[in-house]
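One structure is given here, and the rest of the page talks about it.
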Amino acid sequence: MKLPKKHLSFSQIDLWLKAPETYRTKYYPKVPPHFAQSPEMLFGNTVTEAMERGEEWCAFIPRYPKFEHKMFIEVEGVPIMAFVDNMCPDTIAFKEQKTGRTPWTQNKVDNHLQLDIYSMLLEEEFGKVVDECELVWVKTEKVPKKVMMGDIELEGESTEIQVTGEFEVFKRVITEEDRDEVRKTIIRVAHEIEEDFSAMKHLYE
């Protein structure tokens, strides 16, 4: 399968489904423009890394013992790469965590394709997966950034992101039918991208 990248991911699949032209701009050129991560996305990575190290400031966040489980799996010839935030190696249950101020709702979680993809990929890898998964929304806030002048702490004009200490857990049951459906979606999207990339490739070479 000839794709713009060597594999698909949730973010690629989601972007193609929502905005194909943005996908083309990001992935089709030989030298794509730089798509910088937002401060919120970078902070989310910081939280996951701090949880893995067992840092006290994020000890309140629910978790399973294994962090950033990497998967690289072919689904009917379509290569998929994914990183599960944290999972239980014994039961193959998993949690996905999200940081930010924008509220998560049960309806938003119920329609969040990332959970379906991860559930399907875990079943592909281990032969089983717990149907019930969780999305943990870790609430954050922006506060004035502290700067030091000698031994004196001052408040700067810029802001930084920090956790509030509050979180909300949303449960979701992903059935075998859901996993079959997302498998079909992945294959369909892969073929759409392959055909589209092949038809437009001459514009980017």
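The values are calculated or read from the model by the stated rules, or taken from the named source; none is laboratory data. Owing to the predicted nature of the structure, the values given are computational and were not obtained by experimental measurement. Virtual Cβ from ideal backbone geometry, glycine too; neighbours counted across all protein chains shown.
What residue, of VAL182, VAL138, VAL189, is within 30 Å of LYS26 (Cα to Cα), assigned to a strand (DSSP E or B), in contact with a helix residue (DSSP H, G or I) (Cβ under 7 Å, 6 or more places away or on another chain) and at pLDDT 95 or above?
Among VAL182, VAL138, VAL189, only VAL138 is within 30 Å of LYS26 (Cα to Cα), assigned to a strand (DSSP E or B), in contact with a helix residue (DSSP H, G or I) (Cβ under 7 Å, 6 or more places away or on another chain) and at pLDDT 95 or above.
Note down all Cβ pairs under 9 Å where the first residue falls in segment 2-19 and is closer than 22 Å to MET41 by Cα, the second is modelled with pLDDT of 95 or more and of a type in the set (Gly, Ala, Ser), and they're at least six residues apart or on different chains.
Note: pairs meeting the criteria are LEU8/ALA190; SER9/ALA82; PHE10/ALA82; ILE13/ALA190.
For segment 71-93, state whether one or more residues are assigned to a helix (DSSP H, G or I), among the charged types (D, E, K, R), farther than 18 Å from MET41 by Cα and at pLDDT 95 or above.
no
I'm trying to understand the selection: among the residues of segment 161-185, which are over 13 Å from LYS98 (Cα atoms) and aliphatic (A, V, I, L, M)?
Listed by number, the residues that qualify are ILE161, VAL173, ILE174, VAL182.
Return only the number of the condition from (1) modelled with pLDDT of 95 or more; (2) surrounded by 12 or more Cβ atoms within 10 Å (Cβ to Cβ) that LYS171 does not satisfy.
Unmet for LYS171, out of (1) modelled with pLDDT of 95 or more; (2) surrounded by 12 or more Cβ atoms within 10 Å (Cβ to Cβ): (2).
Which of the residues belonging to segment 8-21 are part of a loop (DSSP other than H, G, I, E, B) and either out of contact with any strand residue (DSSP E or B) (no Cβ under 9 Å at 6 or more places or on another chain) or surrounded by fewer than 16 Cβ atoms within 10 Å (Cβ to Cβ) (or both)?
Across segment 8-21, the qualifying residue is only ALA19.
Looking only at segment 44-62, count how many residues are of a type in the set (D, E, K, R) and under 16 Å from the mean Cα position of the chain (by Cα).
Qualifying residue count for the region: 1.
Answer yes if at least one residue in segment 35-56 is without any contact (Cβ under 8 Å) to a residue 12 or more places away in the chain and of a type in the set (Ser, Thr, Tyr), and no otherwise.
Yes, the conditions are met somewhere in segment 35-56.
Quick check on my filter: what residues within segment 49-101 are exposed (fewer than 15 other Cβ atoms within 10 Å of the Cβ), within 20 Å of GLU168 (Cβ to Cβ) and not hydrophobic (A, V, I, L, M, F, W, C)?
PRO62, ARG101
Output the residues belonging to segment 102-119 that are within 26 Å of HIS191 (Cα to Cα), surrounded by 13 or more Cβ atoms within 10 Å (Cβ to Cβ) and not acidic (Asp, Glu).
Within segment 102-119, HIS112, LEU113, GLN114, LEU115, ILE117, TYR118, SER119 qualify.
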